1. Between a first residue in segment 191-212 that is closer than 19 Å to residue 263 by Cβ and at pLDDT 95 or above and a second residue that is assigned to a loop (DSSP other than H, G, I, E, B) and hydrophobic (A, V, I, L, M, F, W, C), which pairs have beta carbons less than 7 Å apart while being 6 or more apart in sequence or on different chains?
2. Just to check your reading of the model, which residue among 124, 142 is away from ligand 1 (no atom under 16 Å from the Cβ) and closer than 24 Å to residue 28 by Cβ?
3. Does segment 316-329 hold any residues that are surrounded by 15 or more Cβ atoms within 10 Å (Cβ to Cβ) and of a type outside the set (Asp, Glu), and which are they?
4. Restricting the first residue to segment 119-132 and requiring it to be outside any loop (DSSP other than H, G, I, E, B), which pairs with a second residue that is buried (at least 17 other Cβ atoms within 10 Å of the Cβ) and aromatic (Phe, Trp, Tyr) meet a Cβ separation below 7 Å and a spacing of at least six or different chains?
5. Do any strands (runs of 3 or more DSSP E) entirely within segment 35-85 hold 3 or more residues that are over 30 Å from residue 24 (Cβ atoms) and in contact with a Ser or Thr (Cβ under 7 Å, 6 or more places away or on another chain), and if so, which?
6. Which is buried (at least 24 other Cβ atoms within 10 Å of the Cβ) and over 24 Å from residue 248 (Cβ atoms), of 170, 159?
7. Can you tell me how many residues in segment 1-33 are assigned to a helix (DSSP H, G or I), surrounded by 20 or more Cβ atoms within 10 Å (Cβ to Cβ) and aliphatic (A, V, I, L, M)?
8. So, residue 69, is that one touching a strand residue (DSSP E or B) at 6+ places or on another chain (Cβ under 8 Å), buried (at least 19 other Cβ atoms within 10 Å of the Cβ) and either farther than 20 Å from residue 165 by Cβ or without any contact (Cβ under 8 Å) to a residue 24 or more places away in the chain (or both) or not?
Amino acid sequence: MINFAYTRATDIADAVRQIAADPAAKFIAGGTNLVDLMKYDVERPARLIDITRLPLRSVEETANGGVRIGALVPNSDLAYHPLIEARYPLLSSAILAGASAQLRNMASTGGNLLQRTRCFYFYDTATPCNKRKPGSGCSAIDGINRINAILGTSEACIATHPSDMCVALAALDATVHVAGSAGERTIPFADFHRLPGDTPHIDTNLKPTEIITGIELPPRGFATNYSYLKIRDRLSYAFALVSVAAAMEIEGGRITEARVALGGVAHKPWRRAAAEAALRGEAADRAAFAKAADILLRDAKGFAHNAFKVGLARRAVERALTQAANGTPQSQSSKKIR
Ligand SMILES: Cc1cc2nc3c(=O)[nH]c(=O)nc-3n(C[C@H](O)[C@H](O)[C@H](O)COP(=O)(O)OP(=O)(O)OC[C@H]3O[C@@H](n4cnc5c(N)ncnc54)[C@H](O)[C@@H]3O)c2cc1C
Ligand code: SF4
């Protein structure tokens, strides 16, 4: 373990001041990712700024009918919060599909967004990794890449973002609230995480001196027709090989609004406006779902060990949309669908 200083932030302004004053500092919330990375010598912060006492633990309705979630709300509290369970069950399902009960008790909403990739080589400091050490190379491209990305990859990095919660937040069109030395701003969820390009060491568009203060959900929650489907090597306590957050509104058998986001396949939750547009106005049937899956996975490219993900993702999208349409989010469809 490396030596580091430890301080506590007294309020949000103090947290921003402290991080701006020390480029080698990092915030610590639940610590479930950062402490592991420090033990593996992947992250070496000179100072940890503990933000756990900041007043960012509430879940509140907003004036426009949405919900604002504080950045320090633990993942478990969020999943079981009555407002979230009733109005955004897709988010509850996605959170509960992740990690373990103990980890969800510690993990914070803000930290979940900023958890780092699970690419094996990122954690193995004996191997080249452009994300860990820019310019050193990517060991995964010609290595063991079973868990790596099939969409939005670059020659520098084929890592995925491992979060489940973020896949649901992407589908729900959430907004990230942040504060920094220049004041407060909001970032649409689709713009929060980045594709690797030639700067894979930069995961998000959050500035190094900014703090996440909260997440805002718009009023539309898709509480009737939704499904979070996670495919993984073990039934629990494993990251997604492929996951799908599917949500729609259906009137008279026709889809009036649709959302589909994929996890485990790219450096960020993967959505394509054209796939969702192709569903609007269509009957909620397998033909429409297959077409949406084709559009969503257009350009998907597998590597030596993960080409299976392309077909897996296509089938998962169809199944998640079928479950969402049937209103059977947690199980395989038992109702017949045309
Ligand atoms: C064994 C294991 C299995 C897991 N399985 C899953 C899974 O299946 N699905 C899944 O989604 N996740 C999984 N996780 C990941 C877990 O959800 C994340 O580690 C957790 O959400 C991170 O939150 P935290 O509060 O502990 O973050 P920390 O570890 O405290 O911080 C993570 C990063 O975020 C930064 N940070 C934290 N809060 C803020 C803030 N408010 N503003 C700015 N920066 C901030 C920190 O500086 C750090 O860089 C697993 C983790 C483990 C250890
Ligand atoms: S895929 Fe990305 S994280 Fe994995 S070894 Fe390559 S550069 Fe590193």
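The values are calculated or read from the model by the stated rules, or taken from the named source; none is laboratory data. Note that the structure is predicted; figures quoted are calculated from it, not measured. Note that we place each Cβ from the backbone using ideal geometry, even for glycine, and neighbour counts take in every protein chain shown.
1. What qualifies is 194/202; 196/156; 196/157; 196/159; 200/156; 200/157; 200/159.
2. None of the others qualify; the one that does is 124.
3. 316, 317, 319, 320, 321, 322, 323, 324, 325, 326, 328, 329
4. 129/121; 129/122
5. No strands (runs of 3 or more DSSP E) qualify here.
6. 159
7. 3
8. Spelling it out, it is not the case that residue 69 is touching a strand residue (DSSP E or B) at 6+ places or on another chain (Cβ under 8 Å), buried (at least 19 other Cβ atoms within 10 Å of the Cβ) and either farther than 20 Å from residue 165 by Cβ or without any contact (Cβ under 8 Å) to a residue 24 or more places away in the chain (or both).
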